Amino acid sequence: MNNIEQRLQDTLKQIEQQGLYKRERVITTPQGVKIKTRAGKEVLNFCANNYLGLANHPEMITAASGALHTHGFGMASVRFICGTQDLHKELERRIAAFLGTDDAILYGSCFDANTGLFETLLDDQDAVISDALNHASIIDGIRLCKAARLRYQHSDMNDLEDKLKQARQHRTRLIVTDGVFSMDGDIAKLNEITELAQRYDALVMVDDSHATGIVGPTGRGSAEHHGVLDKIDIFTSTLGKALGGGSGGFTAARQPVIDLLRQRSRPYLFSNTLPPPLAAAGIKALELVTRSSELRDKLKQNTAYFRNAMYSATFDIKPGEHPIVPVMLFDATLAQSMAAKLLEEGIYVIGFSYPVVPQGQARIRVQISAAHEHEHLDKAIRAFGKIGREMKIIE
Ligand SMILES: *Cc1c(COP(=O)(O)O)cnc(C)c1O
C-alpha cells in the first residue's frame, strides 16, 4: 500500500507541476446565469452547457417534480428486469420522432451510449473510421470493440477518403464523428462526410451532444444544419447539455440497431434505469425545443451579439456560429490568469490548455446561453475588455 500511495502522490505532484491540476469550485445555488460559489460571491456563469437555460427552467422543474410524485424516485432495476416505465418508452418514442429514426434507446449518459455502441454492432471483420478530435467516450467505446481502428485528421476529408479506401476490404465501415467539437465549436462537415460514406459504402454515426436542441433550423442538430438528417445512420446524444442538463443519453437509429443494443449493449443491460423525474424532464425538454424556436433564436442572437462585440474589441475569436466561443490566448499561463481575473470581475469562465487543446493553443472557452440577457453579455464584454487591456492582450 505504501508503494502505491507513494506512486499516486508522485503522479498527483506531476499533474500539479504541469499546471493541469483541476480544482472544483463549489456552487451553492441552482445552475443558471447567476450562481453563487462557496466563496459567497455572485458571478455570471459563462461556462455551462446550459445552452437553452433549461437547467433550472420552471417547466422542467414542474415536469421532474410531477413525475417524482406519479412515478417515484428510482427504479432500482435495469430496463429488462423491472425498470421500464411508460415514461421511458414515451421519451424514446419522442427522441426517435425528433430525429426521424425508427427507434431510440436510453442510457444513463451519452458516455454510456458511446461505450455500449461499437462492440455491439461491430467485430473484427469491420472497421471504425474516427475523427482525431472525437470525444473521450467515443475513443473508449471504440477501444472496447474488435473492429480495425482508423483515425482521420480532424475534419480532413482527403484523409477520411484515404482511410475509407484503406478499409475497403472490411465488411462494414463506420465513420464516427462528433457533430460539434467541444473545444472549437466547429461543426462536422456532415454534407461531405455523408457523400463520402455513400461513395465508399460506409455508415455514419454522429455524437451530437453539443448540437441536439440548438444547432439546425429546428434544433435537430448538426445533420439538420447540413441538410443531411436522413443520411445519418446512428445518432448518439445527451440529455446533460441543452436538453436540461440533468443526465441521461441515448442512441437513435434504425430498428435492428436499437433492437440489438437492447439485447447486447452492456451499459444498457448492466446499469440502472434513468430515474423517472429525468425521463419526464427529457420529454419536457423535447417539447420545449419543438414547441417554438424562441429559445434557439435568443441563443443565436446572444451568440452573434457576443461574438461581434469580441471581434470589435480585437480579441482573437475562432470563427463560427456555435455558442461555444473560443477566445484564443495561446499561452497556458495567460489563459489561466485571465480566467482568474475575470472571475474577480464577476465573470465565470475557464481557461483550457494542453492536453485538452493542442500545445500553444490555450484559450478561454466562453459558452453563451439563451438565459443570458443583454446586460449579462455586456458585463462580460466589458470585463473582457478591461482585463484584456490590463494584460495587454488587446489595445
Ligand atoms: C458531453 C459529451 C458527452 C458526454 O455526455 P454525458 O451524457 O455527460 O455522458 C459525450 N460526447 C460528447 C461529444 C460530449 O460533448
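Scanning region 151-181 for residues that are β-branched (Val, Ile, Thr) and within 16 Å of the ligand (Cβ to nearest atom), we see that the one that is nearest to LYS318 (Cα to Cα) is VAL180.
Let's see how each residue does on (1) free of Cβ contacts under 8 Å to residues at least 60 places away in the same chain; (2) surrounded by fewer than 24 Cβ atoms within 10 Å (Cβ to Cβ); (3) of a type in the set (Ser, Thr, Tyr):
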{"site": "LYS241", "(1), (2), (3)": "no, no, no"}
{"site": "PHE250", "(1), (2), (3)": "no, no, no"}
{"site": "PRO256", "(1), (2), (3)": "yes, yes, no"}
{"site": "ASP259", "(1), (2), (3)": "no, yes, no"}
{"site": "GLN263", "(1), (2), (3)": "yes, yes, no"}
{"site": "GLY282", "(1), (2), (3)": "no, no, no"}
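One line per residue, one yes/no per condition, for (1) surrounded by 19 or more Cβ atoms within 10 Å (Cβ to Cβ); (2) touching a helix residue (DSSP H, G or I) at 6+ places or on another chain (Cβ under 6 Å); (3) of a type in the set (Gly, Ala, Ser):
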site: PRO276; (1), (2), (3): yes, yes, no
site: ALA285; (1), (2), (3): yes, yes, yes
site: MET310; (1), (2), (3): yes, no, no
site: PRO323; (1), (2), (3): yes, yes, no
site: ASP331; (1), (2), (3): no, no, no
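Between SER137, SER209, the distinction of being under 27 Å from GLU90 (Cα atoms) and either more than 14 Å from the ligand (Cβ to nearest atom) or assigned to a helix (DSSP H, G or I) (or both) belongs to SER137 only.
Listed by first and then second residue, the pairs linking a residue in region 160-171 that is in contact (Cβ under 8 Å) with a residue 12 or more places away in the chain to a residue that is of a type in the set (S, T, N, Q), with Cβ atoms under 7 Å apart and 6 or more places separating them unless they lie on different chains, are HIS170/GLN125; ARG171/GLN125. Per the conditions (1) under 23 Å from THR238 (Cα atoms); (2) small (Gly, Ala, Ser); (3) exposed (fewer than 15 other Cβ atoms within 10 Å of the Cβ), the sole criterion not satisfied by ALA39 is (1).
If you go through region 351-395 and keep only what is in a strand (DSSP E or B) and in contact (Cβ under 8 Å) with a residue 24 or more places away in the chain, you end up with PHE352, ALA362, ARG363, ILE364, ARG365, VAL366, GLN367.
For region 319-349, a residue qualifies if it is in contact (Cβ under 8 Å) with a residue 40 or more places away in the chain, under 24 Å from GLY19 (Cα atoms) and in a loop (DSSP other than H, G, I, E, B), and the qualifying residues are GLU345, GLY346, VAL349. Any residue at all in region 55-63 that is farther than 26 Å from LYS189 by Cα and charged (D, E, K, R)? The answer is yes, given that some residue of region 55-63 is farther than 26 Å from LYS189 by Cα and charged (D, E, K, R).
Taking every residue in region 18-32 that is over 16 Å from GLY346 (Cα atoms) and modelled with pLDDT of 95 or more and pairing it with any residue that is surrounded by 10 or more Cβ atoms within 10 Å (Cβ to Cβ) and among the hydrophobic types (A, V, I, L, M, F, W, C), at least 6 positions away or on another chain, the pairs with Cβ-Cβ distances below 8 Å are PRO30/ALA55.
Here is the figure for region 100-129: residues that are away from the ligand (no atom under 16 Å from the Cβ), of a type outside the set (Val, Ile, Thr) and part of a helix (DSSP H, G or I) total 2.
There is at least one residue in region 76-95 that is closer than 30 Å to LEU150 by Cβ, buried (at least 16 other Cβ atoms within 10 Å of the Cβ) and not polar (S, T, N, Q). If only residues of region 299-323 that are basic (Lys, Arg) and under 20 Å from the mean Cα position of the chain (by Cα) are counted, the one that is farthest from GLU90 (Cα to Cα) is LYS318.
Considering region 1-45, the residues that are in a loop (DSSP other than H, G, I, E, B) and hydrophobic (A, V, I, L, M, F, W, C) include one that is nearest to the chain's Cα centre (by Cα), namely VAL33. Scan region 182-195 and give yes if some residue there is within 16 Å of the ligand (Cβ to nearest atom), on the phi > 0 side of the Ramachandran plot and in contact (Cβ under 8 Å) with a residue 24 or more places away in the chain, otherwise no. Yes, the conditions are met somewhere in region 182-195. Scanning region 250-293 for residues that are closer than 14 Å to ARG93 by Cα, outside any helix (DSSP H, G or I) and within 12 Å of the ligand (Cβ to nearest atom) gives PHE250, THR251.
Checking every residue in region 46-59 against the condition of being under 16 Å from LEU239 (Cα atoms), part of a helix (DSSP H, G or I) and out of contact with any Gly (no Cβ under 8 Å at 6 or more places or on another chain) gives at least one match.
Somewhere in region 223-236, is a residue surrounded by 21 or more Cβ atoms within 10 Å (Cβ to Cβ), in a loop (DSSP other than H, G, I, E, B) and within 13 Å of the ligand (Cβ to nearest atom)? Looking for residues that are surrounded by 21 or more Cβ atoms within 10 Å (Cβ to Cβ), in a loop (DSSP other than H, G, I, E, B) and within 13 Å of the ligand (Cβ to nearest atom), one finds none in region 223-236, hence no.
The values are calculated or read from the model by the stated rules, or taken from the named source; none is laboratory data. None of these values were measured; they are calculated from a predicted model. A quick note on method: Cβ atoms are made from the backbone with ideal geometry, for glycine too, and the neighbour counts reach across all protein chains shown.
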